[in-house]
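Engineer: Dropping the structure in here first, questions after.
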Amino acid sequence: MTVETKATTDRPSWGRAAAFVGIFFLLYVVCAVVAEFRVGRGAQQSAFQTLLAARGQQVDWIVLGASHALPLAYGDVPQRVEAATGETMLVLAELGAGPVYARFVAQQALQDVRPRRVLYVLDTFAFQAREWNAGRVEDRTLLRTTPLRASTAVRMAGMVVEQGVDPRAMADYLTAFSKLNPPRRFETDGWEGAAAFDRVARPSRDAVASRIDYLYPEGTRMQAAGPALYAFERLIDEMQEADAEVVALRLPLPEHFRTALPDSDALFAALEDIMTARGVRYHDLSEALNDPTLYFDTDHLNRSGVDALWRDYLGDIIKAANPGER
């Protein structure tokens with residue numbers, strides 16, 4: 001007569017559980033690999049996807065900033081730069097990207113494309129809220145389109161330690177969670193981007209007020225700007241240590257939008273101190289193009305606006321960079 005002990009009856013159930021976990025893990029890894037190549041690396045929509053595609057090239061200019069810099073890509077400014085100077089340019093701006101996210105991108109760019117110059121498009125709103133800085137590194141929409149690479153993982157870990165990025169974003173990135181589980185679309189306050197680039201906006205006081213409320217969710221407290229100012233300082237330092245010149249630029253804004261912006265004098269004073277101490281050339285073009293027909297919404301240049309910007313201002317700024325090299 002055989003007597004079954006508790007140990008012998010438990011053994012098969014533990015084995016089945018281990019097999020189930022193993023199968024689940026294997027299926028997850030397979031799905032994550034598929035998602036990585038179909039979603040994370042399947043396009044060149046994000047800054048990190050663009051850098052992966054350009055890896056190993058020598059790029060003369062990279063453009064960093066938030067959505068105001070994106071019309072430079074829509075308006076073929078990189079092609080204009082190459083035709084005028086023979087130099088190459090990559091636009092690596094992202095919606096709502098403040099200096100913390102821009103620094104994250106710049107660090108990867110130093111490894112992938114070894115830029116010789118950086119055109120940083122300044123926006124005051126991008127310094128005023130965590131949402132536009134550490135919040136963008138954590139954003140699942142951007143994590144979904146950030147290819148999994150050891151070098152990027154190391155830099156994200158640095159953002160967790162140095163810039164207060166939530167460690168859960170790191171876990172999401174390493175496990176491809178957002179690539180497997182599409183996040184709710186990032187709120188863009190009606191942003192249409194390239195699809196609206198050829199339109200002409202009608203000035204609207206309500207639209208301007210709504211846009212400004214969206215851009216400044218935490219107001220304009222200088223205390224809130226501390227992490228972004230630190231990231232901006234470090235970005236400049238890191239680029240200059242790599243022998244890359246930094247040029248800062250404030251793009252035009254229509255008068256009805258610009259005059260409605262909250263006061264940012266203290267922030268501008270801090271930014272100017274940072275740039276002056278590091279010899280960064282700064283061009284304030286915010287009042288350059290007041291014609292509202294040059295914008296496709298409350299504050300983004302349309303095709304005619306980019307044409308005017310290049311013809312009257314930006315072309316000369318680009319050509320003037322290190323003229324002795326040509």
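What follows is calculated from the coordinates using simple rules that are stated; it is not laboratory data. Quick caveat, the model's predicted, so the values are computed rather than measured. We place every Cβ from the backbone using ideal geometry, glycine too, and count neighbours over all the protein chains shown.
Engineer: Over 14 Å apart: what share of the alpha carbon pairs of the stretch 250-326 falls there, rounded to a whole percent?
Structural biologist: Of all Cα-Cα pairs in the stretch 250-326, 68 percent lie more than 14 Å apart.
Engineer: Also, quick follow-up: Measure out, as a whole number of angstrom, how far apart the alpha-carbon centroids of the stretch 31-72 and the stretch 191-206 sit.
Structural biologist: The distance from the Cα centre of the stretch 31-72 to that of the stretch 191-206 comes to 25 Å.
Engineer: With Rg/Rh (Cα atoms, Kirkwood Rh) as the read-out, I listed (i) 1.02; (ii) 0.95; (iii) 1.09; which label goes with the value calculated from this structure?
Structural biologist: (iii)
Engineer: For every helix of n ≥ 4 consecutive DSSP H residues, a contribution of -39,500 (n - 2.57) applies; sum these over the chain, divide by its total residues, and give [θ] at 222 nm rounded to the nearest 500 deg cm²/dmol.
Structural biologist: -14500 deg cm²/dmol
Engineer: Further question on the same structure: Of the options L251, T141, L174, report the single residue whose Cα projects farthest towards the positive end of the charge dipole of the chain (beta-carbon charges: Lys, Arg +1; Asp, Glu -1).
Structural biologist: Ranked along the dipole, the leading option is L174.
Engineer: Once you have a ≥ b ≥ c as the square roots of the Cα gyration tensor eigenvalues for the stretch 178-303, tell me rounded if a/c is under 1.5, and otherwise prolate or oblate according to whether a/b is larger than b/c.
Structural biologist: On the way: a/c = 1.62, a/b = 1.34, b/c = 1.21.
It is prolate, given that a/c is not under 1.5 and a/b is the larger ratio.
Engineer: If you place +1 on the Cβ of every Lys and Arg and -1 on the Cβ of every Asp and Glu, how big does the dipole about the Cα centre of the chain come out, in debye to the nearest 20?
Structural biologist: Using Cβ point charges on Lys, Arg, Asp and Glu, the chain gives about 1360 debye.
Engineer: Report, in whole Å, the centroid distance computed from the Cα atoms of the stretch 146-170 and the stretch 256-270.
Structural biologist: Comparing the Cα centres of the stretch 146-170 and the stretch 256-270, I get a distance of 32 Å.
Engineer: Work out the FRET efficiency for R38 and M222 from their Cβ-Cβ distance, taking R0 = 41 Å, and round it to the nearest 0.05.
Structural biologist: That gives a FRET efficiency of 0.40.
Engineer: At R0 = 41 Å, how high is the FRET efficiency between L27 and E238 if r is their beta carbon distance? Nearest 0.05 is fine.
Structural biologist: 0.50
Engineer: A further question follows. Please figure out what share of the DSSP beta bridges in the chain is antiparallel and state it in percent, rounded to the nearest 5.
Structural biologist: Restricted to the chain, the bridges split so that about 5 percent are antiparallel.
Engineer: What is the mean projected area of the alpha carbon convex hull for the stretch 202-256, to one decimal in square nanometres?
Structural biologist: Mean projected area of the Cα convex hull: 5.4 nm².
Engineer: Grab the eigenvalues of the alpha-carbon gyration tensor for the stretch 86-128, scale each by 5, take roots, and send me the semi-axes largest first in whole angstrom.
Structural biologist: 20, 12, 8
Engineer: Follow-up. Using modelled backbone amide H atoms (1.01 Å from N, in-plane), which distant-in-sequence or interchain residues come within less than 5 Å of Y295's amide H?
Structural biologist: The list, which skips near neighbours in sequence, is A201, N302.
Engineer: For the stretch 155-240, which trypsin sites (Lys or Arg not before Pro) are in a loop by DSSP, counting at most 16 other Cβ atoms within 10 Å?
Structural biologist: R184, R185, R199, R221
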